[in-house]
Amino acid sequence: MEENALFLLEIGFDAPSLQLVLVKHPSLLRYNRKSMKKIIYFFTKLGITKNERVVLISRLPQVFSMSLERNLMAKFSYFLRTLGWSVHDLSMSPQVLSLSLKGRILGRHQFLVQKGLFDYFKDFKRRRWLLVKDAVFATSIAKCSEDEYKQFLKNFLKETKSTGRASASAGKKTGRPRGRPKKVK
């Protein structure tokens with residue numbers, strides 16, 4: 001536990017901010033430090049500064065519970081490459097990283113594209129389309145009925161599952177088995 005606190009100090013937290021985040025999220029002390037180091041290394045390679053890391057972790061401490069390979073890398077890739085958002089924006093408002101890529105992000109993105117509305121919402125400052133409940137998304141953002149959106153999402157998820165697509169940007173099977181990889185002896 002103490003090692004994780006020291007690690008958080010090493011990566012940029014000062015004592016008062018670390019104390020605040022640990023009071024709110026004591027689970028930070030129980031995360032696997034090796035996984036934490038891999039995630040911090042990934043953030044550094046993306047160009048996330050020390051201050052941005054502190055903000056990101058303070059606002060989304062469960063980032064350390066996410067799989068780097070199966071979750072964070074795919075989301076960052078999608079947000080940065082497909083949507084054109086910046087690393088800075090994502091680190092300052094990381095709540096979008098906690099959303100399901102397949103269940104929320106891809107479906108809503110594709111729905112807005114189909115409706116011809118996505119260009120307006122592509123700007124990170126208009127990320128509300130990801131954060132609101134389905135009913136608000138459908139009626140206020142996509143300007144349709146909730147039933148129309150739910151039917152689209154049902155078909156989208158069915159199509160995505162049947163084609164084995166890992167993400168809309170990939171558009172093809174990844175060739176990797178789902179679930180945990182088998183240990184090699």
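When the test is whether a residue is surrounded by 15 or more Cβ atoms within 10 Å (Cβ to Cβ), assigned to a helix (DSSP H, G or I), of a type in the set (Gly, Ala, Ser) and in contact (Cβ under 8 Å) with a residue 24 or more places away in the chain, residue 107 passes it. Taking the criterion of being surrounded by fewer than 18 Cβ atoms within 10 Å (Cβ to Cβ) and either modelled with pLDDT under 95 or not hydrophobic (A, V, I, L, M, F, W, C) (or both), the residues of segment 67-76 that qualify are 67, 69, 70, 71. The set of residues from segment 38-52 being open to solvent by 30 Å² or more (accessible area, probe 1.4 Å) and either touching a Phe, Trp or Tyr at 6+ places or on another chain (Cβ under 6 Å) or part of a loop (DSSP other than H, G, I, E, B) (or both) comprises 47, 49. Restricting the search to segment 113-125, which residues are closer than 30 Å to residue 61 by Cβ and either of a type in the set (A, V, I, L, M) or assigned to a helix (DSSP H, G or I) (or both)? Within segment 113-125, 121, 124, 125 qualify.
Do you know which of the residues in segment 83-104 that are in a helix (DSSP H, G or I) and of a type in the set (A, V, I, L, M) is surrounded by the fewest Cβ atoms within 10 Å (Cβ to Cβ)?
Among those that are in a helix (DSSP H, G or I) and of a type in the set (A, V, I, L, M), it is 92.
The values are calculated or read from the model by the stated rules, or taken from the named source; none is laboratory data. Please read these numbers as outputs of a predicted model, since none were measured by experiment. No Cβ is skipped: glycine too gets one built from the backbone with ideal geometry, and neighbour counts run over all protein chains shown. To get the accessible areas, we keep the full protein, side chains included, count just its heavy atoms, and leave off ligands, DNA and RNA. Shrake-Rupley method; radii C 1.70, N 1.55, O 1.52, S 1.80 Å.
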